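**Q** Following this message is one structure expressed as structure tokens.
The values are calculated or read from the model by the stated rules, or taken from the named source; none is laboratory data. Everything quoted here is computed from the prediction, not taken from an experiment. Methodologically, a virtual Cβ is constructed for each residue, glycine included, from the backbone with ideal geometry; neighbour enumeration extends over all protein chains shown.
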Amino acid sequence: MDFILIAVAVLGAIGLIAALVLFVCSKKFAVYEDPRIAQVTEQLPGANCGGCGFAGCGGLADALVKGADAGSIDGLKCPVGGAEVMGKVADLLGMAIANGEPMVAVVRCNGTCEMRPKIAEYSGLRTCAAMNSCGAGETACGFGCLGCGDCVAACQFDAIRLNAETGLPEVDEEKCTSCGACVKACPRHIIELRKKGPKGRKVFVSCVNKDKGPVAMKACKAACIGCGKCEKECAFGAITVENNVSYIDFNKCRLCRKCVAVCPTKAIHAVNFPAPKPKPETAEPATTSNEERKEEQA
């Protein structure tokens, strides 16, 4: 009986000492967390998509609180929540935030099945990353869309899908949150975040092929050939030709669409613009025959 009491007493003493040690350690090594971080996290959508540049919403909330303490939270944003969520966060932190223009994902490839026929058959893991690591893919274009849908799998908002007829991904601008997940998932870097534009209107070069004109055209009939006609036509300096392919700076573009008209391969796309009005037909002037002239002279 004495042995049982001694064992219980020893175990109780060990438990008490361990509890005291844990209590002291918790106080000594405690990490203080600003309560505002939890408040900001509650305002964020909780998507944890990484579009803000942080691992999740908690990381963004921590950066926002630290930015507020430093005096500015400009450059920090939640692409999923948008201006509405960031406005609530700014009010919570007592800060002003600049309203950035909404962005949307754009697929810069027009190499449809018709324009860019297959020349090989890929047999392996059906992902864009795996196919890209094996070479050019199933077509002669080593820069265009591979069509395996890595971007579709990466999107958490069902904003991008593969078109079965063209084989190309298409973005639903109403669902797109500009999180950038599809941009990171594409091994060919054909998806870009661009300004959504007024009424969703935008002009961009739908090609990233850096091969010289004849080689690019042989691989895809809709490829940019780097001829420079669009660059010469642009009065705002928004277009540059580098590595045999044109690029339109959306910060300089004024949506005049003159470049669209001069592109010989129709590689420049104008999206969400109204259809051009048909030109009125001009009536041809009536011509009088020789017999009518003779009757008039008589």
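**Q** Evaluate the following for C109: is it out of contact with any His (no Cβ under 9 Å at 6 or more places or on another chain), assigned by TED's automatic domain parsing to the domain that holds N251 and not aliphatic (A, V, I, L, M)?
**A** So C109 passes the test.
**Q** I want to confirm something. Restricting to the range 174-214 and keeping residues that are part of a strand (DSSP E or B) and in contact with a Pro (Cβ under 8 Å, 6 or more places away or on another chain), which single residue is nearest to G50 (Cα to Cα)?
**A** Going through the qualifying residues, I end up with I191.
**Q** Next question. Output the qualifying pairs, or none if there are none: Cβ atoms under 6 angstrom, residues six or more apart or on different chains, first residue in the range 259-273 and in a strand (DSSP E or B), second residue β-branched (V, I, T).
**A** Partner pairs satisfying both residue conditions: I268/V205; I268/V260; A270/V203; A270/V260.
**Q** Any residue at all in the range 118-136 that is at negative phi, crowded, with 21+ Cβ neighbours inside 10 Å and either at pLDDT below 90 or in contact with a strand residue (DSSP E or B) (Cβ under 8 Å, 6 or more places away or on another chain) (or both)?
**A** So far as the range 118-136 goes, no, none of its residues is at negative phi, crowded, with 21+ Cβ neighbours inside 10 Å and either at pLDDT below 90 or in contact with a strand residue (DSSP E or B) (Cβ under 8 Å, 6 or more places away or on another chain) (or both).
**Q** Also, quick follow-up: Output the residue which, of all residues in the range 64-101 that are closer than 23 Å to K196 by Cα and acidic (D, E), is modelled with the highest pLDDT.
**A** For the range 64-101, the residue satisfying everything is E84.
**Q** Is it true that C207 is touching a strand residue (DSSP E or B) at 6+ places or on another chain (Cβ under 9 Å) and at pLDDT 95 or above? Please lay out each step first, then the result.
**A** On the way: touching a strand residue (DSSP E or B) at 6+ places or on another chain (Cβ under 9 Å): yes; at pLDDT 95 or above: yes.
Judged against the criteria, C207 is a match.
**Q** Another one. List the residue pairs whose Cβ atoms are under 7 Å apart, where the first residue sits in the range 164-178 and is free of Cβ contacts under 8 Å to residues at least 40 places away in the same chain, the second is assigned to a loop (DSSP other than H, G, I, E, B) and of a type outside the set (K, R), and the two are 6 or more positions apart or on different chains.
**A** These pairs meet every condition: D172/A159; K175/F157; K175/D158; K175/A159.
**Q** Taking the residues in the range 228-250 that are over 19 Å from V208 (Cα atoms) and assigned to a loop (DSSP other than H, G, I, E, B) as candidates, determine which candidate is farthest from the chain's Cα centre (by Cα).
**A** A235
**Q** Give the number of residues within the range 37-66 that are out of contact with any Cys (no Cβ under 7 Å at 6 or more places or on another chain) and free of Cβ contacts under 8 Å to residues at least 24 places away in the same chain.
**A** Of the residues in the range 37-66, 11 are out of contact with any Cys (no Cβ under 7 Å at 6 or more places or on another chain) and free of Cβ contacts under 8 Å to residues at least 24 places away in the same chain.
**Q** Find all pairs meeting these conditions: Cβ atoms under 9 angstrom apart; at least six residues apart or on different chains; first residue within the range 151-163 and over 14 Å from T177 (Cβ atoms); second residue part of a loop (DSSP other than H, G, I, E, B) and of a type in the set (D, E).
**A** Partner pairs satisfying both residue conditions: V152/D158; R161/D172.
**Q** Taking the stated definitions as given, is C141 within 23 Å of G56 (Cα to Cα), in contact with a helix residue (DSSP H, G or I) (Cβ under 8 Å, 6 or more places away or on another chain) and either in the same structural domain as V241 (by TED's automatic domain parsing) or part of a helix (DSSP H, G or I) (or both)? So that I can check it myself, show each step before the final result.
**A** Numbers: within 23 Å of G56 (Cα to Cα): no; in contact with a helix residue (DSSP H, G or I) (Cβ under 8 Å, 6 or more places away or on another chain): yes; either in the same structural domain as V241 (by TED's automatic domain parsing) or part of a helix (DSSP H, G or I) (or both): yes.
Criteria not met by C141.
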